[in-house]
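Asker: Mind having a look at this structure? Questions to follow.
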Amino acid sequence: MVLQDKYSPDSIYSFARLIITLFIAIIGNAGMWAIVVIMPDIENEFQVSRATLSFPYILTMVGFALGNVFLGRFVDRFGIKRAIIFASVLNFIGFAGASMFDSFFIFTFFHLIVGVGTAVSFGPLLADISLWFKKFRGIAVAIAASGNYISGAIFPILLGGLIDDHGWRASYYVLSIASIGLLLPAGFFLKRRLSSKFHKEQEEQAKTQAVSSSFSPLTLQVILSVAAICCCVAMSMPQIHIVNMCVDLGFGSKVGAEMLSLMLLGGVISRLISGVLVDFIGGVKTLLLGSSLQCIGLVLYYPTMDVNALYIVSLIFGLSQGGIVPSYAIIVREYLPPQEAGERVGIVIMASVFGMAFGGWVSGLIFDLTNSYQLAILNGILWNLINISIAIMLIFFGSRNPPKALAA
């Protein structure tokens, strides 16, 4: 009887590592959602326009995008542990610095640092955990990716109460302490790296998959990056502007934060379901399904002005789009070399983040020009349709042998 290596893919250690990865993802992704929650307070304190108000978020997303690539390469060379330690220090500096100054320019600059630090909790973590699973890779990546949405479901509520009692600066101080006190120590639990034996096995499997593809690795990387931009421009409008939209409709920021949490909770469920699904139908078909459902969710937002209906639509939107971004990571792992997983997943995540940043800004600009979010919703629907077209193209033209190439 041959005993399984306890540090092999799909081992007990792999699942223990997944639990720690999820914890890091939940704590580390707080930086992505903190700025969304405090936007109304920042607007009142600094007296800026809605489009200008988007710049701290944009810079957070730029840092997040660049950090996914930089830290992804860092993980490929030095492992996830050192990347997490480095990122936790960046988060501490970013949150503490943003809370200390009264200048909107300096406040915005520190969000670039927050974005880079936050990045380690998404793309690099997904790439790392994907190496530790083979049979259950889809659900493992989905669980790790869910940390982003669980963080978004938890922290708006926690920070909302803290902001009401002590102001937004106190909430940022707490986040800076959490970065050093929780995120940094957790990184030491992920110090082990997958052995070269299993790396070589996964590399051979990726080469076999790549042979069946009609696209070169570079072409596939570009196609996935364009798709990621399109889907996230569409995704950004409700996620970034739901709090401000509720304030404009007279429902208050607390109601908006609750809708955001409900949306992201739905996203967690969606990611888990998509993770199970991707192990059966593959990343490309999961991408098409998620993008189509997201488009339906956006259409439902357009005529909705009632507070109860907005709660329902926010949940529906969350349930529809949660599995889209993780499906890109699965497609990368299906067709591209595992030793480049961190960098290549990071590039696609970077593209998705640029899409979120651009979508957040353009939605704010459309609101400033029209004093309404309805045209911003229509803008999101158009970008979503482009993403659906790309997914269909990948299914029909991306493989010489579609049934085999699209199998998980």
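Asker: Ignoring ligands, DNA and RNA, what percent of the 1.4 Å accessible area of the chain is carbon and sulfur?
Answerer: Of the solvent-accessible surface of the chain, carbon and sulfur hold 70 percent.
Asker: Most fluctuating residue of R17, R77, R137 in a GNM of the chain with Cα springs under 10 Å: which is it?
Answerer: So, out of R17, R77, R137, the one fluctuating most is R77.
Asker: Could you work out which residue, out of D368, D248, D306, moves most in a Gaussian network model of the chain, that is, has the largest mean-square fluctuation with Cα springs under 10 Å?
Answerer: Result for the chain, Cα springs under 10 Å: D306 fluctuates most.
Asker: What residue among A119, A144, A98 has the largest mean-square fluctuation in a Gaussian network model of the chain, using Cα springs under 10 Å?
Answerer: In the Gaussian network model the winner is A98.
Asker: Now for a separate question. What residue among T219, M245, L319 has its Cα farthest toward the positive end of the dipole of the chain, where the charges are +1 on Lys, Arg and -1 on Asp, Glu, each on the Cβ?
Answerer: Projecting each Cα onto the dipole axis, the largest value belongs to T219.
Asker: Per residue, what accessible area does the chain have, given a 1.4 Å probe and all protein chains present, in Å²?
Answerer: I get 39 Å² per residue for this part.
Asker: Follow-up. Output the pairs from K254/K285; K81/K285; K81/K134; K191/K254; K135/K285 with a Cα-Cα distance over 29 Å in this structure; if there are none, say none. Don't skip to the answer; put the middle values down first.
Answerer: On the way: K254/K285 37 Å; K81/K285 33 Å; K81/K134 22 Å; K191/K254 40 Å; K135/K285 18 Å.
Long pairs (Cα-Cα over 29 Å): K254/K285; K81/K285; K191/K254.
Asker: When only alpha-carbon atoms count, how far does the stretch 26-82 stretch along each of its three principal axes, as whole angstroms with the largest first?
Answerer: On the principal axes, the stretch 26-82 reaches 45, 20, 11 Å in Cα extent.
Asker: Taking Cα centroids, how far is the stretch 241-284 from the stretch 24-95 in Å?
Answerer: What the calculation gives is 19 Å, centre to centre.
Asker: A further question on this structure: The stretch 81-194: percent of C-alpha pairs farther apart than 26 Å?
Answerer: 25 percent
Asker: Over all Cα pairs of the stretch 352-392, how is the pair count split among 10 Å bins, expressed in % and running from 0 up to the last occupied bin?
Answerer: Histogramming the stretch 352-392 at 10 Å steps yields 30, 49, 19, 2 percent.
Asker: Using C-alpha positions alone, give me the convex hull volume of the stretch 242-349 per residue in cubic angstrom.
Answerer: 100 Å³
Asker: Right, another one. Computed from the mean reciprocal separation of all distinct C-alpha pairs, what Kirkwood hydrodynamic radius does the stretch 289-372 have, in Å? The partial results should precede the final answer.
Answerer: On the way: mean 1/r = 0.0668 Å⁻¹.
Value: 15.0 Å, from the Cα pair sum.
Asker: Once Lys and Arg get +1 and Asp and Glu get -1 on their Cβ, which of L126, L112, S292 lies farthest toward the positive end of the dipole of the chain?
Answerer: With unit charges placed on the Cβ atoms, the residue in question is L126.
Asker: Now a separate question. Quick one: give the max-minus-min coordinate of the C-alpha atoms of the chain along each principal axis, largest first, in Å.
Answerer: The Cα atoms of the chain stretch 66, 45, 32 Å along their principal axes.
Asker: With runs of 4+ DSSP H residues as the only contributors, calculate the mean residue ellipticity of the chain at 222 nm using -39,500 (n - 2.57) per run, divided by the residue total and rounded to the nearest 500.
Answerer: -27500 deg cm²/dmol
Asker: Here's another thing I want to ask about it. What number do you get for the stretch 49-100 when its Cα radius of gyration is normalised by 2.2 N^0.38 Å, N = residues?
Answerer: 1.36
The values are calculated or read from the model by the stated rules, or taken from the named source; none is laboratory data. Everything numeric in this text was worked out from a predicted model, so none of it was measured. Cβ coordinates were reconstructed from backbone atoms using ideal geometry, including for glycine residues, and neighbour counts include every protein chain displayed. Heads up: the accessible areas ignore ligands, DNA and RNA and are worked out on the full protein's heavy atoms, side chains in. Shrake-Rupley method; radii C 1.70, N 1.55, O 1.52, S 1.80 Å.
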